[in-house]
Amino acid sequence: MTGRPFSTFINSPAAPLAVAAFIGFAAGLLFAALFFPPRIERVEVEVEVEVPVPPAPEPPSVLPDETAAIYAPTEFETLANWMSDSVSDALPALLAACSIFDGQNDAEPVGPSGLGGTVADWRTPCAALATVQPGDDDSVRALLRDFFVPYAVSAPDTADGTFTGYYEASLNGALTRSEKYNVPLYAPPRDLVELDRRAFDLPPQMPQVIGRVDGRRLIPYDDRAAIENTEAFADRAEVLAWVDDPVDAHLLHIQGSGRVRLPDGSERRIGYAANNGLRFRGIGGILLTAGELGPGQGSMPSVADWLRANPDASRRYMAQNPRYIFFRWIDGPGPIGAMGAPLTPRRSLAVDPRYIPYGAPLWLDTVDPDGEPLERLMVALDTGSAIRGVVRGDFFWGAGAQAFAKAGRMKSTGRYALFLPRTVAPPAQAQ
C-alpha cells in the first residue's frame, strides 16, 4: 500500500523535474556552506567560578640567590699568624659587640636561623672579655680558646672569597646653603616606607622592601636621578648639611659614614640612616662599562680623580647608580656599623649577614692592596649592599687620606674562620 503512490509518482511526467529541482537545491546549500559560513557573534558572559586556592608554600630556608655555606671545625693552631697577631687590638670591637648583646633578651637568636645560638650563649664570653686588660694578647688568646670553636667558612666549591676595603669619608660642608655649599645630604624622607618583615611573618633573609605610598599602593621609591634633579625634594626630607663637592658626596653614599668639616673648623660625624631600596651600581663599574676607564683603572682614587676632572660627565654617570643613601648625625664614638656598635679601624669587618652573625669574632687571612699580610682577629660589625657571598668581607681602614688610599685600592682574595661559642650547637652545614 505505501509503495503504490511512490511508483505512480516515479512513472509520471513530473518526476524528472522534481528530481532536478531537488539536486539544484542541495547543490545550493553546499555552495552556501562552503563560501558563506554563518556569522557567529562572540558573547562574553561573566561567570563567578570558585577557584580553590592552594596553601601558601613554606618559605625556603635558602633563597634563590643564596649559596649554601659550609662551616668546618678547625684548630686555632691552623689559623695564619695565630700566635703573632696583636689580638688585644680587637678588644674594643669585641666589647662594642658585647654592649649590643647586653641590651638584648637572652632568647634573642644571634645570626641567620640562630647560627650563633642565642644572646644567652654570649653572656659568659662577654663577661670574661670585660676583665681583660688592654694590650694583654695572651689573655685574649686564652679566652678565645676557652670559650669559642673556630669554623673554617667556605662555599661548596671554594674556601676563597673577595675582600675589599672602606673608610670614613671626609667632607667640607655647612649647615646652610650657599653658592659654595650646594650639594645636600638628606635625612630619611618623611614619605619613605619600609615593609616590616616580622609583622608580615616573612623570612628574615628576604630582601628589604622599601618604597612610598601612592594612593593605596606601595610603589618603588625615587631613584638617584629623580632625587637629585628635583628641587622640591627638600620639602620631603630634611637637609642635614650642604657640602661643596658632589664627588665627595657620592663617595660618602658608597662608604656610608663620614665627617663633615664645618666653616668654623669643627667636625660633625654623619652616618647611614636609610636607603631608597634600589639596587646599588658601583661608579667604577659604570665608568669601565662606558669605556671612560680602562682595565686596572677602577680603584676608588682613580675613579675620584676622573670624576673631578670631568664634572659635567661625572654627574651623568653618578646618576646611573639608582641607590640613594640618607643620613643621620652621630654623637659620640663612631662610625656606627649595621650592628649598631662603633667600628674599630683595622679590626672591624663588614660581612654578608646571611652567613655570618653580627658580633662574631672572625679570623681573617688575606692581604692588603700592597700585598702585605692581613692575618688577624676581626669582628663582624657591619654590612653593605655590595657585600654578598659566603666568603665576602669589607675591611674598615679608618679615616684620613691613608685610609682612603688603602681602602680604595683593596680587592684581595682570602678566606676566614668564624668563632662561635662552645655552648652553641655546630651549624647544620658543618662538616
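The values are calculated or read from the model by the stated rules, or taken from the named source; none is laboratory data. On a predicted model such as this, the values are computed, not experimentally measured, just so you know. A quick note on method: Cβ atoms are made from the backbone with ideal geometry, for glycine too, and the neighbour counts reach across all protein chains shown.
Things worth noting here:
- Within the range 238-265, the set of residues being within 26 Å of the chain's Cα centre (by Cα), surrounded by fewer than 19 Cβ atoms within 10 Å (Cβ to Cβ) and assigned to a loop (DSSP other than H, G, I, E, B) comprises Glu238 only.
- Among (1) loosely packed, with under 13 Cβ neighbours inside 10 Å; (2) in contact (Cβ under 8 Å) with a residue 12 or more places away in the chain; (3) aliphatic (A, V, I, L, M); (4) in a helix (DSSP H, G or I), the one test that Met206 misses: (4)
- Matching entry among Gly393, Gly408 (being of a type in the set (Gly, Ala, Ser), modelled with pLDDT under 95 and either in contact with a Gly (Cβ under 6 Å, 6 or more places away or on another chain) or crowded, with 21+ Cβ neighbours inside 10 Å (or both)): Gly408
- The single condition among (1) touching a residue at least 12 places away in the same chain (Cβ under 8 Å); (2) surrounded by fewer than 21 Cβ atoms within 10 Å (Cβ to Cβ); (3) among the small types (Gly, Ala, Ser) that Ala380 does not satisfy is (2).
- Residue in the range 59-76 that is within 32 Å of the chain's Cα centre (by Cα), modelled with pLDDT under 95 and in a helix (DSSP H, G or I) present: no
- Some residue of the range 269-278 being in contact (Cβ under 8 Å) with a residue 40 or more places away in the chain and more than 25 Å from the chain's Cα centre (by Cα): no
- Scan of the range 299-321 for residues that are in a loop (DSSP other than H, G, I, E, B) and surrounded by 18 or more Cβ atoms within 10 Å (Cβ to Cβ), ordered by number: Ser299, Asn321
- Which listed residue, of Gly114, Gly103, is modelled with pLDDT under 95 and surrounded by 13 or more Cβ atoms within 10 Å (Cβ to Cβ): Gly114
- Residue satisfying condition, being of a type outside the set (A, V, I, L, M, F, W, C) and closer than 30 Å to Asp244 by Cα, within set Asn172, Asn81, Asn105: Asn172
- Residue within the range 276-295 that is surrounded by fewer than 16 Cβ atoms within 10 Å (Cβ to Cβ), closer than 15 Å to Phe404 by Cα and not small (Gly, Ala, Ser) present: no
- Selection count, the range 160-198, where residues are farther than 14 Å from Val260 by Cα, touching a residue at least 40 places away in the same chain (Cβ under 8 Å) and among the hydrophobic types (A, V, I, L, M, F, W, C): 3
- The sole residue among Arg268, Arg308 that is in contact with a strand residue (DSSP E or B) (Cβ under 9 Å, 6 or more places away or on another chain) and among the charged types (D, E, K, R) is Arg268.
- The residue pairs whose first member lies in the range 346-369 and is free of Cβ contacts under 8 Å to residues at least 60 places away in the same chain, whose second member is among the hydroxyl-bearing types (Ser, Thr, Tyr), and whose beta carbons are closer than 6 Å, counting only pairs six or more residues apart or on different chains, are Leu362/Tyr416; Val367/Ser412.
- Of the residues Ala159, Ala107, Ala169, the single one that is in contact with a helix residue (DSSP H, G or I) (Cβ under 8 Å, 6 or more places away or on another chain) and in a loop (DSSP other than H, G, I, E, B) is Ala107.
- Residue in the range 81-104 that is farthest from Pro427 (Cα to Cα), counting only those that are in a loop (DSSP other than H, G, I, E, B) and within 30 Å of the chain's Cα centre (by Cα): Gly103
- The residues of the range 358-376 that are within 16 Å of Arg415 (Cα to Cα) and under 23 Å from the mean Cα position of the chain (by Cα), listed by number, are Ala360, Pro361, Leu362, Leu364.
- Residue in the range 124-134 that is farther than 27 Å from Leu418 by Cα, surrounded by 13 or more Cβ atoms within 10 Å (Cβ to Cβ) and free of Cβ contacts under 8 Å to residues at least 40 places away in the same chain present: no
- Single condition Thr230 does not satisfy, out of (1) closer than 13 Å to Val183 by Cβ; (2) surrounded by fewer than 19 Cβ atoms within 10 Å (Cβ to Cβ); (3) hydroxyl-bearing (Ser, Thr, Tyr): (1)
- Under the condition of being surrounded by 17 or more Cβ atoms within 10 Å (Cβ to Cβ) and of a type in the set (Asp, Glu), the residues counted in the range 152-198 number 1.
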